[in-house]
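Novice: Quick one: the structure is below, questions incoming.
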Ligand code: HEM
């Protein structure tokens, strides 16, 4: 399918153009630039959604079964999360990290095999689709929280008027963590039910299972830490950064460093 | 008052943070040992946790101590969460807006209790073999039986990708449930899960040349009329066997090779003759030779069987209730999140 090479490329160029305009907007502060940047992001996301929908229709299942598909879906989830915050709060350049990761994923996707193999019976269940989809949307929110955490620390040092004020960054960060935690909880619930019907037990002691539980426990802790005075603001920003480290280790580190029996590997 | 202080301590969010973060640290450290000692930790998924601890975990406490420690911390966290939930119930009139959050808390407590329960009194048996038509007792469930009606492998490019097993669960003679089980669609009955894993073929007998009668199918239980009078009964068959120098016949494997037949010859003699006959290895025993019995096995006869994983997890119904509560809680909490934030409805803990 030639479109599997061309479309991601067009989408990437649109994101790239938007990502270059956002910093310019920080300098020039022209609403027009912001509008164009937003328009480009929204168009890229719409194209990406169409492409995802098209592949879903072609395959007959949400394609999240190989590296091409999972990275493309994760990239789509990141862009979606970015747009959500942009539409709601006009965060502009504050979410650039997310767009940056999204672009890295798109670049990596272009070298991969885009085939849509028939779904093997082990993965042929809506529980699998829900499990994977919610995990990536959750990770996307955690990536956004990471980005906002870094900006919070930056803003605390510089106090610049180019970035959103500290109070807003803090609130956005808390919101990203809560929404991410909610998605990740759904991911864990659907995954556990799937494990129960596939293996007869709903919690697996393989390292990926244990670390997913740890990610969940960590972010559930963060849902509480925001109520504790001492952890608000800076502490929370640091936790968001550390949490994303745990996520990265769970998603990438374990797969690369250690072998596991997770069905997606 | 001491009682009140104790209750507030049990409901304390700070205690929750201490317990959860200590538990996390312990599990981070401990879990890195999992891939390093696969023989120790690998079977953790094949056995309920307590059975694993008894048989393996407790043998190497220097590598596994973190499992009970993390377990204890999580149990304490569960107790802490339960106290928070009860405290919320007691103040429901002023805090009903937090229903979503507290359904999540309740869900966590139920999941934890469900897991503990299953870990202590669950049972997991892998590789249970059932041949088509066979009825076997369900391990750990007295009076319950599993019956395999049919079995159908699904192949793609010669590889087995699925297996479809028509199963019945019986209590005594009553059929409790019937399920055409396959991957991701097990037979589920409260705490029982039966999952078809793979299939195989078992040699149950041999198509055999028996000169006076032509070819016959010999399986345990077969009876042959001998033309000169008398009857030959097949008591047992080893698909591949050999005779030790002392005369003892031993089985060498389950696949077809040099078969051995345990036969009983009923003739005019008062006492029937009984003994092993290994036609590919030795001439017929004298009693059979006299009766004109000469067997020449031609090809094995197979009967397919399924291999099943059977799990009994008495904690599962509770865990499922916990999952439902947590799912509903997440949906409620999400829906009410912005409304509550607009109201500035948010506790501050110092
Ligand atoms: C692992 C177990 C737990 C999970 C998964 C969990 C989950 C949650 C979630 C998702 C929220 C909502 C946060 C938000 O509004 O952003 C929350 C709030 C809260 N949790 Fe927990 N929690 C757990 C344990 C505990 C424990 C042990 C306590 C008490 C000691 C506790 C006390 C609270 C309180 C007081 C709130 C605030 C509710 C409010 O908005 O008034 N939680 N929890």
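Novice: In the stretch B:203-230, how many are assigned to a strand (DSSP E or B), touching a residue at least 60 places away in the same chain (Cβ under 8 Å) and either over 38 Å from the mean Cα position of the chain (by Cα) or over 30 Å from residue B:292 (Cα atoms) (or both)?
Specialist: Within the stretch B:203-230, residues that are assigned to a strand (DSSP E or B), touching a residue at least 60 places away in the same chain (Cβ under 8 Å) and either over 38 Å from the mean Cα position of the chain (by Cα) or over 30 Å from residue B:292 (Cα atoms) (or both) number 3.
Novice: Could you say whether any residue in the stretch A:121-143 is under 17 Å from residue A:65 (Cα atoms), crowded, with 22+ Cβ neighbours inside 10 Å and within 9 Å of chain B (Cβ to nearest Cβ)?
Specialist: So far as the stretch A:121-143 goes, yes, one or more of its residues are under 17 Å from residue A:65 (Cα atoms), crowded, with 22+ Cβ neighbours inside 10 Å and within 9 Å of chain B (Cβ to nearest Cβ).
Novice: Select from the stretch A:217-240 the residues that are more than 9 Å from chain B (Cβ to nearest Cβ) and surrounded by 18 or more Cβ atoms within 10 Å (Cβ to Cβ) and write down the one among them that is farthest from the chain's Cα centre (by Cα).
Specialist: Filtering the stretch A:217-240 for residues that are more than 9 Å from chain B (Cβ to nearest Cβ) and surrounded by 18 or more Cβ atoms within 10 Å (Cβ to Cβ), the one farthest from the chain's Cα centre (by Cα) comes out as A:233.
Novice: Got at least one residue in the stretch B:99-122 being outside any helix (DSSP H, G or I) and in contact (Cβ under 8 Å) with a residue 12 or more places away in the chain?
Specialist: Yes; the residues of the stretch B:99-122 include at least one that is outside any helix (DSSP H, G or I) and in contact (Cβ under 8 Å) with a residue 12 or more places away in the chain.
Novice: Just one of B:300, B:279, B:285 is closer than 30 Å to residue B:133 by Cβ, in the same structural domain as residue B:239 (by TED's automatic domain parsing) and modelled with pLDDT of 90 or more; which is it?
Specialist: B:279
Novice: Looking at (1) assigned to a strand (DSSP E or B); (2) within 12 Å of chain A (Cβ to nearest Cβ), find the lone condition where residue B:275 falls short.
Specialist: (2)
Novice: Only one residue in B:220, B:196, B:227 is out of contact with any helix residue (DSSP H, G or I) (no Cβ under 7 Å at 6 or more places or on another chain) and farther than 30 Å from residue B:258 by Cα, so which one is that?
Specialist: Among B:220, B:196, B:227, only B:196 is out of contact with any helix residue (DSSP H, G or I) (no Cβ under 7 Å at 6 or more places or on another chain) and farther than 30 Å from residue B:258 by Cα.
Novice: Hey, among B:328, B:323, which residue is more than 22 Å from residue B:97 (Cβ to Cβ), in contact with a helix residue (DSSP H, G or I) (Cβ under 6 Å, 6 or more places away or on another chain), modelled with pLDDT of 95 or more and within 16 Å of the ligand (Cβ to nearest atom)?
Specialist: Numbers: B:328 fails: more than 22 Å from residue B:97 (Cβ to Cβ).
Just one listed residue meets the conditions, B:323.
Novice: Only one of these is assigned to a helix (DSSP H, G or I), within 12 Å of the ligand (Cβ to nearest atom) and more than 8 Å from chain B (Cβ to nearest Cβ): A:187, A:183. Name it.
Specialist: Result: A:183 is the single residue among A:187, A:183 that is assigned to a helix (DSSP H, G or I), within 12 Å of the ligand (Cβ to nearest atom) and more than 8 Å from chain B (Cβ to nearest Cβ).
Novice: When the stretch B:24-57 is examined, which residues are found to be within 16 Å of the ligand (Cβ to nearest atom), in contact with a helix residue (DSSP H, G or I) (Cβ under 9 Å, 6 or more places away or on another chain) and more than 7 Å from chain A (Cβ to nearest Cβ)?
Specialist: Residue satisfying the conditions is B:26 alone.
Novice: Which number in (1) away from the ligand (no atom under 16 Å from the Cβ); (2) within 30 Å of residue B:198 (Cα to Cα) marks the one condition that residue B:67 misses?
Specialist: Of the numbered conditions (1) away from the ligand (no atom under 16 Å from the Cβ); (2) within 30 Å of residue B:198 (Cα to Cα), the odd one out for residue B:67 is (2).
Novice: Is it the case that residue B:92 is more than 12 Å from chain A (Cβ to nearest Cβ) and either crowded, with 19+ Cβ neighbours inside 10 Å or more than 11 Å from the ligand (Cβ to nearest atom) (or both)?
Specialist: yes
Novice: Could you identify the single residue in A:203, A:178 that is assigned to a loop (DSSP other than H, G, I, E, B) and facing chain B (nearest Cβ under 7 Å)? Write out each step before concluding.
Specialist: Numbers: A:178 fails: assigned to a loop (DSSP other than H, G, I, E, B).
Answer to the selection: A:203.
Novice: Ok, one more. If you go through the stretch B:176-194 one residue at a time, do you hit one that is over 16 Å from residue B:310 (Cα atoms) and away from the ligand (no atom under 16 Å from the Cβ)?
Specialist: Yes: one or more hits.
Okay, residues lined up against (1) in a helix (DSSP H, G or I); (2) within 20 Å of residue A:163 (Cβ to Cβ); (3) more than 17 Å from the chain's Cα centre (by Cα); (4) outside the structural domain of residue A:174 (by TED's automatic domain parsing):
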{"site": "A:12", "(1), (2), (3), (4)": "yes, no, no, yes"}
{"site": "A:20", "(1), (2), (3), (4)": "yes, yes, yes, yes"}
{"site": "A:25", "(1), (2), (3), (4)": "yes, yes, yes, yes"}
{"site": "A:34", "(1), (2), (3), (4)": "yes, yes, yes, yes"}
{"site": "A:40", "(1), (2), (3), (4)": "yes, no, yes, yes"}
{"site": "A:52", "(1), (2), (3), (4)": "yes, no, no, yes"}
{"site": "A:77", "(1), (2), (3), (4)": "yes, no, no, yes"}
{"site": "A:101", "(1), (2), (3), (4)": "yes, yes, no, yes"}
{"site": "A:105", "(1), (2), (3), (4)": "yes, no, no, yes"}
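Novice: If you take the residues in the stretch B:309-350 that are facing chain A (nearest Cβ under 10 Å) and free of Cβ contacts under 8 Å to residues at least 60 places away in the same chain, which one is nearest to residue A:202 (Cα to Cα)?
Specialist: B:337
Novice: To continue, here is another question. Given (1) within 14 Å of chain B (Cβ to nearest Cβ); (2) within 27 Å of residue A:217 (Cα to Cα), identify the lone condition not met by residue A:102.
Specialist: With respect to (1) within 14 Å of chain B (Cβ to nearest Cβ); (2) within 27 Å of residue A:217 (Cα to Cα), residue A:102 is out only on (1).
The values are calculated or read from the model by the stated rules, or taken from the named source; none is laboratory data. This is a predicted model, so every value here is computed, not measured. No Cβ is skipped: glycine too gets one built from the backbone with ideal geometry, and neighbour counts run over all protein chains shown.
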